Amino acid sequence: MAHPIDIPEILALILESAAPRPDYVEHCPPQHAILRERTRKLYRFALVSRSWNTVATPLLWEILPHHLPLLKLLPEDAWSMTPTSVLASFYDPEAANAFFNLPMLELFTLNRSLKQEDWRRIHRLSRYVKLMRYDGGLCAPSALSSMASSPPTDVLLPNLERLQVTTETASTTSFLPFLLSPSIWDLQLRVQCEDMPNLLAITAHCPRLTHLLVSLPLIHSLDIDAAQELGLKIIQIRSKHLTHLSLLIAGLDEAGMFVSVLGYSPSLTSLRLFLSFPVTRPPYEQLALTRAPQPLFVNLRTLHVNMMRPAFAQALIKSWGGPRPIESLSITLTRFDTVDDMASLIETIATHCSPSTLIHLHALAGVSPDWPPVPWPFSYLRPLSEHRRLETVRIGETKGATQFSDADYGELARWWPELVQLNVPNLTGWSCTLAALFHFADNCPRLQKLNLKLNALEIPYFGGKKFSGNSALREIDINDGRIILPLDVADCLSGAFPHLSKLRYRYEEEWDFWMTKTKR
């Protein structure tokens, strides 16, 4: 009589539960520790019996840290590992070599030309691969050109879903088209050289592509023509399903032109931009956005940008033409020159992000070392008072100087009852009292992390009022202030926030800040 565990489908569910797949994180590879533990368990399962091996083998081949395990399935006389003194700087030897047997000082080399029957040896297991990292630096250039001259006639990885590509030279991309598959929906291209990849040719093999990452850290400069051409190639990608786009470009002379071209993509819902703006450019690079003949990014839901000037960020948001159902907006800014810059940007965010959808808001600017941060009043936040679905708010300057009273914090807590994290940096501004904290205990039961500047000079009297004890607050980050009767303050906080487990007091930061100013 057969037991349920003898049924392959049931056994597969058991093994998947015992060795679960890593959670998907957009544009991030699975963590080494999680993969190591999963592979260790699956190896043990594969050794139990032949039937268990049959079920465990496809699971073992689902995720490949690099492409060499596949190439090593070729006949033994066709390949060898050749010693080399070159080690790519982006390897993580401790994480990768210890577990994945990633060769540090060896390159995959072909000893002879390949035939179609050689490739058939790979197909037996390659059909199981769903996620793979392709690193051209692991193969000798001659091996890549040789494989490209005699490629497999059939799709090598017919069920591949996610491919992460790292290239060092133009030659390392020669074999890439033969690794592509119509089933790919997540493609990541990290180009470690100055050669621009042919995006249209690459993505033509992936009609179901929804997530694309392109990283060009060594492209020193893209002029207006090159920027426009790159933007056009991206929006002309064959896949009509492209919804998530992440771009890292080190040298971009015409960011306004480039971003405005991207804005005509009708399918983008998520955009992540990591652009390096030239410091010598005049402050008019956003004109291409302000002069767009039609609203841009019509279906955008998520926008994350890095190290952007406030004027450019404001022009980008205004280019939408009106409110958008934005769910997550994250803007890391250079710095505000005046308080008006901050007020204008916050108002633009409030008027162009629908109050019914915005959940995550990150708009933090750096501070110039030559002058103190901009003091800003609570009224600057009032345009966001209708955005009641906000859960994460990080806004202001990294070394800010807010002018918020206890009553202001109370009003803020009533605006955003769904808050989970609030970070309004306040290094040199006004201090609040314990009364401000208790506004959050009353109005924000989901709040877990809070940042403020606190003066706990006395324990407030609430007339016998008792807090519900439902507050989820776990962490308070205090920039500065004075605390008298610390034990009484601790008892007071424990009563209002029963889950509080971390309290950080950073008084030395303000002292260091002003000492630095004095020495100038």
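No lab work stands behind these numbers, since they all come straight from the coordinates. Only a predicted model underlies this, so the values are computations on that prediction, with no experimental measurement involved. Here the Cβ positions follow ideal geometry from the backbone for every residue, glycine too, while neighbour counts run over all protein chains shown.
List of remarks:
- Dividing the Cα radius of gyration of the stretch 123-188 by its Kirkwood radius returns 0.95 for Rg/Rh.
- Residue-wise HN-Hα coupling along the stretch 390-399, computed from phi with Karplus coefficients 6.51, -1.76, 1.60 (Hz; x: Gly, Pro): 4, 10, 10, 10, 10, 8, x, 10, 4, 10
- Since only Ile249, His66, Ala472 are under comparison, the one whose Cα sits farthest along the positive direction of the charge dipole of the chain, derived from C-beta charges on Lys, Arg, Asp and Glu, is His66.
- Degrees separating the helix 50-60 axis from the principal Cα axis of the chain, which is the longest one: 60
- Over the stretch 4-60, relative contact order from alpha-carbon pairs under 8 Å, at least 6 apart, %: 34
- Average Cα contact separation per residue, the chain, under 8 Å, 6 or more apart, as relative contact order %: 6
- Less than 5 angstrom separates the built amide H of Ile326 from those of Ser354, all sequence-distant by 5 or more or on a different chain.
- Rounded to the nearest 10 degrees, the angle from helix 8-18 to the longest Cα principal axis of the chain is 40 degrees.
- Karplus-derived 3J(HN,Hα), 6.51/-1.76/1.60, for each residue of the stretch 113-121, Hz, glycine and proline x: 6, 9, 10, 5, 5, 5, 5, 5, 5
- Hz values of 3J(HN,Hα) by residue in the stretch 193-207 - Karplus curve (6.51, -1.76, 1.60), Gly and Pro given as x: 8, 8, 8, 6, x, 7, 5, 5, 5, 5, 6, 4, 7, 10, x
- Only one residue of Leu275, Val259, Ala140 has its Cα farthest out toward the positive end of the dipole of the chain, where Lys and Arg carry +1 and Asp and Glu -1 on Cβ, and that residue is Ala140.
- Where [x] 26.6; [y] 22.4; [z] 29.4 are the candidate values, the label of the one calculated here for Kirkwood radius over Cα pairs in Å is [x].
- Built amide H within the under 5 Å cut-off of Cys139, gap 5+: Phe108
- Pairs from Lys318/Lys399; Lys72/Lys115; Lys41/Lys72; Lys399/Lys502 whose Cα-Cα separation, in the structure shown, is over 19 Å: Lys318/Lys399; Lys41/Lys72; Lys399/Lys502
- Amide H within-cut-off set for His304, under 5 Å, with H built and near neighbours excluded: Leu271, Arg272, Leu273, Ser330
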